[in-house]
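Asks: Here it is, the structure in full.
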Amino acid sequence: MRLAILLCTVAFSVYAQLEPKKYTTLPLGQIMPAGWLSDQLDIQTNGMAGHLHEFYNYVKDSDWIGGSSAYSSLEEAGSYWFNGIVPHAVLTNHAELKQRTLEFLTYVLDHQEDGGWLGPEAGNNRTRYLWGRYPFFFGAIQMAENDPSLTDRIVDALHKFVPLANKMVKAGEGLEIWTNTRWEDFVMTLQWLYDYHPNGNEELLLDTMKWMKWTGDPWEQIWQEEIFPTTEVDNIENPTGYVLTWHGVNMAEGLKALPATYRFTSNQTDLDLASSGWDLLFKYHGRPSGIYGADEYLAGREATRGSELCIVVEAMFSGNYLFQVIGETKFLDQVERIAYNALPGTLTGDMWARQYDQQQNQVAAKNMTPNPFYVNSAYSNVFGLEPYYPCCTVNHPQGWPKFIANSFLFNTAQTELVHAHLGPATVSTTMANGNAVKITVDTLYPFSDSISYSITADAPFKFTVRIPVWIQAPTVNGIGILPSDGLYSVDIEAGETSIELGLPAEIVTEERLHNAIAVHRGPLNYALDITFDRTIIKNNTNEPRASDYEFAATSDWSYAIDPSTLEYSYTEPDGGILPSPIFDEGKPLGIITVMACPIEWELAGDTFVKPPPESPECIGDFEKIALTPYGATKLRIGEFPVVSSRS
Ligand SMILES: *[C@@H]1O[C@H](CO)[C@@H](O)[C@H](O)[C@H]1NC(C)=O
Ligand SMILES: *[C@@H]1O[C@H](CO)[C@@H](O)[C@H](O)[C@H]1NC(C)=O
Ligand SMILES: *[C@@H]1O[C@H](CO)[C@@H](O)[C@H](O)[C@H]1NC(C)=O
């Protein structure tokens with residue numbers, strides 16, 4: 001009895017407050033895109049994402065989704081859209097989109113039930129699941145941070161929702177198998193309230209966090225090396241019994257679960273497993289494009305298995321959070337690879353069409369027979385409005401804006417500013433003790449090897465730059481530097497400071513299955529760009545630009561390459577400005593040339609390609625071919641058979 005009381009006391013004191021994050025985000029809008037990243041967001045405005053509210057069923061009505069579907073997965077559509085368009089609208093300062101997100105927010109808050117429920121089930125008898133709200137909460141938090149005049153309203157609504165959610169989860173209500181995998185997204189919302197607007201409700205917030213975790217899927221079991229799947233899981237039974245944890249998107253979101261847990265358990269094992277779990281995922285399922293293979297469930301390393309677009313943007317968001325809690329820069333390195341390769345590679349250059357599943361070796365984009373994707377339909381590979389399933393249509397717009405919004409971070413004390421994702425941007429913020437700081441980041445990175453910073457500050461502060469793992473000999477103002485754990489800090493004085501960061505990178509090859517290799521330089525993965533004809537296979541009568549397309553190759557792709565001949569070449573852009581859209585055929589500036597010979601390499605059906613031949617033989621003469629950044633290719637070879645051109 002005594003012992004029990006003692007344990008309770010100890011437990012209470014341990015759990016009494018949240019562990020701080022090592023790094024925190026800046027309020028939305030204090031970091032704005034510049035240069036080519038600004039152009040990329042304009043492309044997104046002019047593409048599908050910026051127009052969905054005008055024509056797309058699931059989001060065009062202001063009453064969340066309009067329809068009366070009781071199917072929980074569709075209830076998520078408006079919520080997903082909101083989560084992505086809020087930061088997009090702010091980062092593009094787009095009046096109409098800002099107005100749409102404000103209307104959406106206002107509608108949802110105006111229709112909150114007296115009992116606290118938020119969402120399309122308020123005021124009716126539709127079945128209630130908790131999860132569909134979580135992306136909406138993320139969007140609302142971003143709006144509160146961007147516009148303090150909205151904060152009270154949002155915070156009050158959340159505090160009204162929490163007691164209801166607490167009751168529901170204790171009664172086993174509002175939960176279903178998808179919600180059970182994604183509890184961490186709600187825990188993060190609860191933690192935001194706890195950190196910034198607890199309003200005296202700390203105990204209820206903590207209690208709800210713990211209930212969400214202990215009723216949800218146990219991610220600590222999933223990331224155990226002994227049971228982690230090392231191949232595609234098509235015919236493997238998940239030994240934990242939590243079958244949806246091997247689902248690609250659940251996993252991308254679930255990467256945040258243990259770091260979120262750590263904040264209230266202070267259990268180092270939670271962080272260790274989150275970090276080693278990340279490594280396992282990329283070791284056994286990782287792609288040269290930065291993302292992992294999961295056409296629907298974990299899909300191993302074969303180059304024709306797919307990676308779903310939703311996992312691309314969710315893994316990016318999770319990687320940011322993992323760094324903020326754990327502090328290891330490997331998470332940011334991976335996020336940058338995903339952002340600069342896998343994200344643009346699965347959308348057309350104009351961002352009007354997207355895939356559900358992208359392939360590292362993709363010699364066509366069409367409805368395939370046979371289907372390489374196991375559970376998904378072969379239609380997942382076409383480019384269009386909503387091939388296979390609508391989720392990525394509404395969820396993908398968060399990718400670029402959140403990447404930018406997470407590109408600078410504070411340390412907990414707000415005495416240090418960290419440049420986490422390298423790319424052109426401007427920052428205008430206030431640090432500890434009212435220190436007003438402005439930074440302009442002028443760069444074409446990753447399409448160049450240098451970054452110029454112009455900094456003005458009222459008072460001294462510590463400025464830290466992430467030096468990616470692929471940079472061998474970084475320099476500051478021409479002098480070599482030694483980063484520590486992927487970070488390099490400079491003491492900035494009051495007044496104006498300029499810094500030139502040099503980020504030279506070497507060509508690196510990566511071993512893949514079947515003796516094949518992938519080619520990288522800096523964060524960019526290089527692939528053979530296959531030219532193609534595009535055919536409309538489904539017209540969209542509401543919005544002709546949102547049609548579905550099949551891409552058929554018009555150039556040769558069956559080559560083996562000689563890695564000893566890889567060579568980088570770079571042409572300065574006209575007027576220092578990149579072509580637009582940068583992630584499109586023939587656009588990026590740096591190319592890698594390599595000696596290659598044609599080989600026999602068969603198709604596996606109509607139409608995807610067999611694995612790279614393990615011992616290829618040349619059937620023609622060597623020629624020099626050019627590899628271009630993966631993100632600019634829509635049909636490609638990204639894993640190459642290897643030959644020697646020296647006899
Ligand atoms: C909800 O169901 C109850 C009980 O069946 C019914 O009395 C009520 O009218 C319904 N409410 C709505 C808004 O349909
Ligand atoms: C820490 O977490 C691990 C993994 O979930 C668990 O096995 C262990 O019991 C936890 N330790 C404490 C002190 O709760
Ligand atoms: C799409 O519309 C165009 C123009 O009306 C028409 O020529 C084409 O056959 C249509 N394609 C499909 C697949 O319906």
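Asks: Ordered by residue, what ³J(HN,Hα) values in Hz, to whole numbers, does segment 549-557 give under the Karplus form 6.51 cos²θ - 1.76 cosθ + 1.60, where θ = phi - 60° and Gly and Pro are x?
Replies: For segment 549-557, the Karplus-derived couplings read 10, 10, 10, 10, 4, 10, 10, 5, 9 Hz, x marking Gly and Pro.
Asks: Within the set of other residues whose C-beta is less than 15 Å from the C-beta of K402, count the net charge using Lys and Arg as +1 and Asp and Glu as -1. Can you show the working numbers first?
Replies: On the way: positive: K256; negative: E145, D185, E253, E314, E336.
That works out to -4.
Asks: Let me ask another. Using the Cα centre of segment 518-647 as the reference point, and only Cβ charges (+1 on K/R, -1 on D/E), how large is the resulting charge dipole? Debye, rounded to the nearest 20. Numbers along the way, then the final one.
Replies: Details: 10 positive and 20 negative charges, 71 e Å.
It works out to roughly 340 debye.
Asks: Measuring from centroid to centroid over Cα atoms, what is the spacing of segment 100-176 and segment 585-647 in Å?
Replies: Measuring centre to centre over Cα atoms gives 50 Å.
Asks: Let me ask something additional. Quick one: which residues, 5+ away or cross-chain, put their amide H under 5 Å from the amide H of L487? H built at 1.01 Å from N.
Replies: Excluding prolines and chain starts, which carry no amide H, the hits are I467.
Asks: Along the charge dipole of the chain, pointing to its positive end and built from +1/-1 on Cβ of Lys, Arg, Asp and Glu, which listed residue (W278, P460, T475) has its Cα farthest out?
Replies: Farthest along the dipole direction, towards plus: P460.
Asks: To continue, here is another question. Net charge near M351: determine it from the other residues with C-beta under 11 Å of the C-beta of M351, scoring Lys and Arg +1 and Asp and Glu -1. Write down the numbers at each step before the final one.
Replies: On the way: positive: R354, R545; negative: D42, D350, D584.
Net charge in that neighbourhood comes out at -1.
Asks: Can you list which of the DSSP-assigned H helices in the chain have a Cα extent of 15 Å or more along the long axis and an average Kyte-Doolittle score of at least 1.6? Could the numbers behind the result be given before it?
Replies: On the way: long enough: 2-15 (19 Å, 1.85); 35-46 (17 Å, -0.68); 72-91 (30 Å, 0.31); 95-110 (22 Å, -0.07); 134-146 (18 Å, 0.35); 151-170 (28 Å, 0.04); 183-196 (20 Å, -0.19); 202-215 (20 Å, -0.45); 268-285 (25 Å, -0.34); 309-326 (25 Å, 1.56).
Flagged H segments are 2-15.
Asks: While we're on this one: Viscosity 0.890 mPa s, temperature 25 °C: what is the translational diffusion coefficient of segment 125-282 from Stokes-Einstein with a Kirkwood Rh over Cα pairs, rounded to a whole number of µm²/s?
Replies: Working: Rh = 16.5 Å.
Rounded to a whole number, D works out at 148 µm²/s.
Asks: Taking a 20 Å limit on the Cα-Cα distance, which of the listed pairs K60/K98; K22/K98; K210/K283; K98/K402; K402/K462 fall beyond it?
Replies: Values: K60/K98 15 Å; K22/K98 31 Å; K210/K283 31 Å; K98/K402 16 Å; K402/K462 24 Å.
With Cα atoms farther than 20 Å apart: K22/K98; K210/K283; K402/K462.
Asks: Among rounded, prolate and oblate, which fits segment 507-637 when a ≥ b ≥ c are the square roots of the eigenvalues of its C-alpha gyration tensor, a/c under 1.5 means rounded, and a/b larger than b/c means prolate? Don't skip to the answer; put the middle values down first.
Replies: Working: a/c = 2.23, a/b = 1.19, b/c = 1.88.
Judged from the Cα gyration tensor, segment 507-637 comes out oblate (a/c at least 1.5, b/c at or above a/b).
Asks: Hey, if you put +1 on the Cβ of every Lys and Arg and -1 on every Asp and Glu Cβ in the chain, which of T426, H396, A122 ends up farthest toward the positive end of that dipole?
Replies: About the Cα centre, the residue reaching furthest to the positive side is A122.
Asks: Along its principal axes, what span do the Cα atoms of the chain show, with the longest given first and each in whole Å?
Replies: Projected onto the principal axes, the Cα atoms of the chain cover 80, 58, 55 Å.
Asks: With 10 angstrom as the radius, rank H197, H285 by how many other C-beta atoms surround their C-beta, starting from the fewest.
Replies: Numbers: H197 17, H285 25.
Placing the least packed residue first, the sequence is H197, H285.
Asks: Run the dipole for the chain about the Cα centre, Lys and Arg Cβ at +1, Asp and Glu Cβ at -1, nothing else charged, and hand back the magnitude in debye, nearest 20. If you can, show how the numbers build up before the last one.
Replies: Working: 41 positive and 80 negative charges, 174 e Å.
Value, rounded to 20: 840 debye.
Asks: When N is the residue count of segment 64-216, what does its C-alpha Rg come to as a fraction of 2.2 N^0.38 Å? Show your work: numbers first, answer last.
Replies: On the way: Rg = 14.7 Å, N = 153, 2.2 N^0.38 = 14.9 Å.
Ratio of Rg to 2.2 N^0.38 Å for segment 64-216: 0.99.
Asks: Let me check I've understood the local charge: for N267, count other residues with C-beta under 11 angstrom from its C-beta, Lys and Arg +1, Asp and Glu -1. What total comes out?
Replies: On the way: positive: R263; negative: E19, E220, D270, D272.
Summing Lys and Arg as +1 and Asp and Glu as -1 gives -3.
Asks: Where nothing but the Cβ of Lys and Arg (+1) and of Asp and Glu (-1) is charged, how large is the charge dipole of segment 89-196 around its Cα centre, in debye to the nearest 20? Display every interim value, and only then the final one.
Replies: Details: 10 positive and 15 negative charges, 51 e Å.
The calculated dipole for segment 89-196 is roughly 240 debye.
Asks: How large is ³J(HN,Hα) for each residue in segment 397-413, as worked out from phi by the Karplus curve 6.51 cos²θ - 1.76 cosθ + 1.60 (θ = phi - 60°), to whole Hz, x for Gly and Pro?
Replies: x, 6, x, 5, x, 6, 4, 6, 5, 9, 7, 10, 9, 9, 6, 4, 7
A short reminder: the numbers here are calculations on the coordinates, not readings from a lab. All figures in this text were calculated on a predicted structure; none of them were measured in a lab. Glycine also receives a Cβ, built like all others from the backbone with ideal geometry; neighbour counts cover every protein chain displayed.
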